[in-house]
1. Mind counting the residues in region 87-102 that are surrounded by 13 or more Cβ atoms within 10 Å (Cβ to Cβ) and over 16 Å from the mean Cα position of the chain (by Cα)?
2. Return a yes/no flag: does region 49-59 have any residue that is in a helix (DSSP H, G or I), at pLDDT below 95, surrounded by fewer than 20 Cβ atoms within 10 Å (Cβ to Cβ) and small (Gly, Ala, Ser).
3. Residues being in contact with a Ser or Thr (Cβ under 8 Å, 6 or more places away or on another chain) and closer than 19 Å to Ser28 by Cα: count how many of those fall in region 68-86.
4. In the set Asp41, Asp32, which member is out of contact with any strand residue (DSSP E or B) (no Cβ under 6 Å at 6 or more places or on another chain), within 17 Å of Val14 (Cβ to Cβ) and surrounded by 15 or more Cβ atoms within 10 Å (Cβ to Cβ)?
5. Which residue out of Lys84, Lys78 is modelled with pLDDT under 90 and either assigned to a loop (DSSP other than H, G, I, E, B) or surrounded by fewer than 16 Cβ atoms within 10 Å (Cβ to Cβ) (or both)?
6. Just name the residue that is nearest to Ala76 (Cα to Cα) out of those in region 17-48 that are in a strand (DSSP E or B) and modelled with pLDDT of 90 or more.
Amino acid sequence: MEQAITTASGVLEVTVNHGGDSTIVRVSGRIDIDSSPDLRDRLIALLHAQPSTIISVDLAQVPYIDTSGIATLIQALKIARHSKSTLCLQGLTGSVLHLFQVTGVLALFEAVGCAHGAPTSKAS
């Protein structure tokens, strides 16, 4: 299922692929103060409705994320932990990876056994 979220800063596309006990959420576009509320609503709805034990958020196509986007992912991580699910990040590169490293946020996701490895395959 694909959803395009149009904001003042552009379009954020969110694609959800389910497979067995895991789900991949692919995000494409800027995650900022305008788009993060819609992304948050989407992730929270998925976490509450999804029986998946592992949800991976692929950020390979995200060129920019601000603190509101990071807060959205931390909130989703908290909900996942409460519901006994695992929320992982994938495809972190460049300035997005650097921001996660210098803020210490990457360690939160790695603490639950997630690696921030290479982008995932587009085939599902």
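The values are calculated or read from the model by the stated rules, or taken from the named source; none is laboratory data. Not measured: the values here are computed from a predicted model. In this analysis, Cβ positions are derived from the backbone assuming ideal geometry, glycine residues included, and neighbour counts consider all displayed protein chains.
1. Here the count works out to 0.
2. Looking for residues that are in a helix (DSSP H, G or I), at pLDDT below 95, surrounded by fewer than 20 Cβ atoms within 10 Å (Cβ to Cβ) and small (Gly, Ala, Ser), one finds at least one in region 49-59, hence yes.
3. Total satisfying the criteria: 5.
4. Asp32
5. Exactly one residue qualifies, and that residue is Lys84.
6. Val25
Table: residues versus (1) within 12 Å of the chain's Cα centre (by Cα); (2) small (Gly, Ala, Ser).
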site	(1), (2)
Val16	yes, no
Asp21	no, no
Ile24	yes, no
Ser28	yes, yes
Ile31	yes, no
Ser35	no, yes
Leu39	yes, no
Ile44	yes, no
Leu47	yes, no
